[in-house]
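Q: Sending over a structure as structure tokens; questions will come in a sec.
The values are calculated or read from the model by the stated rules, or taken from the named source; none is laboratory data. Here the structure is a predicted model, which means the values were calculated and not measured. Heads up, the Cβs are rebuilt from the backbone with ideal geometry, glycines too, and the neighbour counts pull from every protein chain shown. Only protein heavy atoms, including side chains, enter the accessible area calculation; ligands, DNA and RNA are left aside. Shrake-Rupley method; radii C 1.70, N 1.55, O 1.52, S 1.80 Å.
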Amino acid sequence: MNRFNRFSFLILGALVILVTVSCKDNAAAPIQQTKIAFKKEGELSIFKGTSDTLKTRLDIEISDTPYERQTGLMYRDNMASHNGMLFIFKTEAKRFFYMKNTKIPLDIIYVGADKRIVSFQTNAKPYDETSLPSELPAKYVLEINAGLAHTWGLEKGDALLWK
């Protein structure tokens, strides 16, 4: 082998080693997942439909942009028992929610333009992509931890008030 070929061979060998080591280092790097924290944006009270008796109060995160409504509570590991997410739509219409990429079981409460509960989907299962429709048109949707609608005794006609 002449000097040029030996030099080329050494350079090529060094490049192969460098690329191999670089690829192994990149493959071993852990993937960072961002945790999504609850962001209190308001307070919501639920009152018995036939009186002004307070049933419960909770802190809410508001979802009122197309991106926020599409993402909702996806990718979250948990939610405190007196927290919820309130989805606000511009118009009242039949709503369809599902649990794609949602890790925590939820109760989904559909609320009409008059801010009264029109229907429920309780104990929605994590990651289930089955459509969970409202029974009647809704302008708002409240998501809370599964089982709380029953625990708090929520019923159709109960009124919501938030600020």
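Q: Average projected area of the Cα convex hull of the range 80-163, in nm²?
A: Working: hull surface 21.0 nm².
Answer in nm², one decimal: 5.3.
Q: Still on this model: Need the C-alpha centroid separation for the range 107-156 versus the range 54-93, integer Å.
A: What the calculation gives is 11 Å, centre to centre.
Q: Using θ = phi - 60° and the Karplus form 6.51 cos²θ - 1.76 cosθ + 1.60, what ³J(HN,Hα) does each residue of the range 146-163 get, whole Hz, x for Gly and Pro?
A: 4, x, 6, 4, 5, 4, 7, x, 6, 9, 4, x, 4, 9, 10, 9, 9, 9
Q: Per residue, how much accessible surface does the range 39-163 expose to a 1.4 Å probe? Answer in Å², no decimals. Mind showing how you got there, number by number?
A: Details: 6460 Å² over 125 residues.
Per residue, the range 39-163 has an accessible area of 52 Å².
Q: Please report the carbon-and-sulfur percent of the accessible area for the range 38-163; probe 1.4 Å, protein heavy atoms only, DNA, RNA and ligands left out. Don't skip to the answer; put the middle values down first.
A: Details: 3360 of 6530 Å².
Percent of accessible area from carbon and sulfur atoms in the range 38-163: 51.
Q: Among the lysines, which have Cα under 25 Å from the Cα of LYS115 when same-chain residues fewer than 8 positions away are ignored?
A: Leaving aside lysines fewer than 8 places away in the same chain, those within reach of LYS115 are LYS39, LYS40, LYS48, LYS55, LYS90, LYS94, LYS139, LYS156, LYS163.
Q: What are the chymotrypsin sites (Phe, Trp or Tyr not before Pro) within the range 71-127 that DSSP puts in a loop, where the Cβ has at most 12 other Cβ atoms within 10 Å? Don't skip to the answer; put the middle values down first.
A: On the way: sites: TYR75, PHE87, PHE89, PHE96, PHE97, TYR98, TYR110, PHE120, TYR127; in loops: TYR75, TYR98, TYR127.
Passing both the DSSP loop test and the Cβ count: TYR127.
Q: Right, something else. Name the GluC sites (Glu not before Pro) in the range 80-163 that are in a loop by DSSP and that have at most 15 other C-beta atoms within 10 Å, would you? Intermediate results must be reported in sequence, preceding the final value.
A: Working: sites: GLU92, GLU129, GLU135, GLU143, GLU155; in loops: GLU129, GLU135, GLU155.
For GluC sites (Glu not before Pro) across the range 80-163 that sit outside H, G, I, E and B with at most 15 neighbouring Cβ atoms in 10 Å, the list reads GLU129, GLU135, GLU155.
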